[in-house]
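Read through the structure below, which is laid out as structure tokens, and then see the notes.
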Amino acid sequence: MTSLSPLGPNTPRIALIGECMIELQHRADGSLQQSFGGDTLNTAVYLSRALGDKARVDYVTALGDDSFSDAMCQSWADEGIGLDLVQRLPGRLPGLYCIQTDANGERRFLYWRNEAAVRDCFTTPAAEPILAALPDYDVLYFSGITLAVLGAKGRERLIQTLIEARQRDARIVFDNNYRPRLWASQEEARAAYRSVLPHVDLALLTVDDEQALFHFADCDAVFEAYAQIGTPEVVLKRGAEACLIRCDDEAFEVPAQQVEKVVDTTAAGDSFSAAYLARRLLGGSPVEAAQAGHWLASRVIQVPGALIPR
């Protein structure tokens, strides 16, 4: 397949698959500010804001029947995100995490998610119509965190869905987001990533995560590996440094936007991915898409938490 092409004249449907958790922001005075966040959910929100009525953005996950899950669904609906693919599992709860940031805005995460409802997202009877509906979407988006929280059986169902979706000309987008603590071993994570990567059209990669998981020597080694897989469009996110892009055998380098003070880097990569994908789907070039990604990420890192005010 070729790199991402613009959206067609009909209202396209985009499904993002993953986990949203209760987010606690640990403030300097010791207090906690509660909100919601998760990598693919952050991307879904920013994507919905960027595309507006030009596309339908749906989220795929499993939640509990508690008040936090109710509030999550309401906040997603307020952002224009569709809830048709959200399962509500009786007696279950969403995961929880706490963000601690240092003086430079760098973050540390503490997680409570072992019993999160999303772990059964693709294994319940209610998942069957959702899995059957996904191949008819125009774009499917997931991340390395998605792969981890779904578990082995859920990953197997996801791969089957990706294969069928691609056969129907859906575009598959993957953000690597490797979190070692979510995996039993590095070998398990590598096997999971390698099982899905051949089905990806756009890979949005954080260089540090690629090197941590696959031990690549440098960016050229990353590009070479994905060229061998056959991924048509690869974006390497490098924080405050320029991002690097290989698309249909062309190479691009796009400088990041510099900011005076970084407050919180949470969702910097998620927001970049959302803006990049939105611009590409609207017909923008890879360079224009990266510029949009850098611009949004530069705004996000100047505000505490994952989601900045609209």
Go through 84, 29 for me and flag whichever is farther than 23 Å from residue 293 by Cα, surrounded by fewer than 20 Cβ atoms within 10 Å (Cβ to Cβ) and more than 20 Å from the chain's Cα centre (by Cα).
-> 29
Taking the range 130-148 only, how many residues are among the hydrophobic types (A, V, I, L, M, F, W, C), within 17 Å of residue 197 (Cα to Cα) and either without any contact (Cβ under 8 Å) to a residue 12 or more places away in the chain or not in a strand (DSSP E or B) (or both)?
-> 3
Say whether the condition of being more than 18 Å from the chain's Cα centre (by Cα), farther than 21 Å from residue 141 by Cα and either modelled with pLDDT of 95 or more or small (Gly, Ala, Ser) (or both) is met by at least one residue in the range 187-194.
-> yes
Residue hits (the range 201-259; of a type in the set (Phe, Trp, Tyr) and either open to solvent by less than 10 Å² (accessible area, probe 1.4 Å) or farther than 14 Å from residue 288 by Cα (or both)) are 214, 216, 223, 226
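Here is a yes/no grid of residues against (1) open to solvent by 10 Å² or more (accessible area, probe 1.4 Å); (2) under 25 Å from residue 215 (Cβ atoms); (3) charged (D, E, K, R); (4) not in a helix (DSSP H, G or I):
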position	(1), (2), (3), (4)
153	yes, no, yes, no
157	yes, no, yes, no
174	no, yes, no, yes
181	yes, yes, yes, no
188	yes, yes, yes, no
Just one of the numbered conditions (1) over 29 Å from residue 12 (Cβ atoms); (2) open to solvent by less than 50 Å² (accessible area, probe 1.4 Å) is not true of residue 165; which one?
-> (1)
Residues (closer than 25 Å to residue 303 by Cα, in contact (Cβ under 8 Å) with a residue 12 or more places away in the chain and among the aliphatic types (A, V, I, L, M)) located in the range 48-107 = 50, 51, 57, 71, 72, 81, 96, 99
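The values are calculated or read from the model by the stated rules, or taken from the named source; none is laboratory data. Computed from a prediction, not measured in an experiment: that's the story for all the values here. We place every Cβ from the backbone using ideal geometry, glycine too, and count neighbours over all the protein chains shown. To get the accessible areas, we keep the full protein, side chains included, count just its heavy atoms, and leave off ligands, DNA and RNA. Shrake-Rupley method; radii C 1.70, N 1.55, O 1.52, S 1.80 Å.
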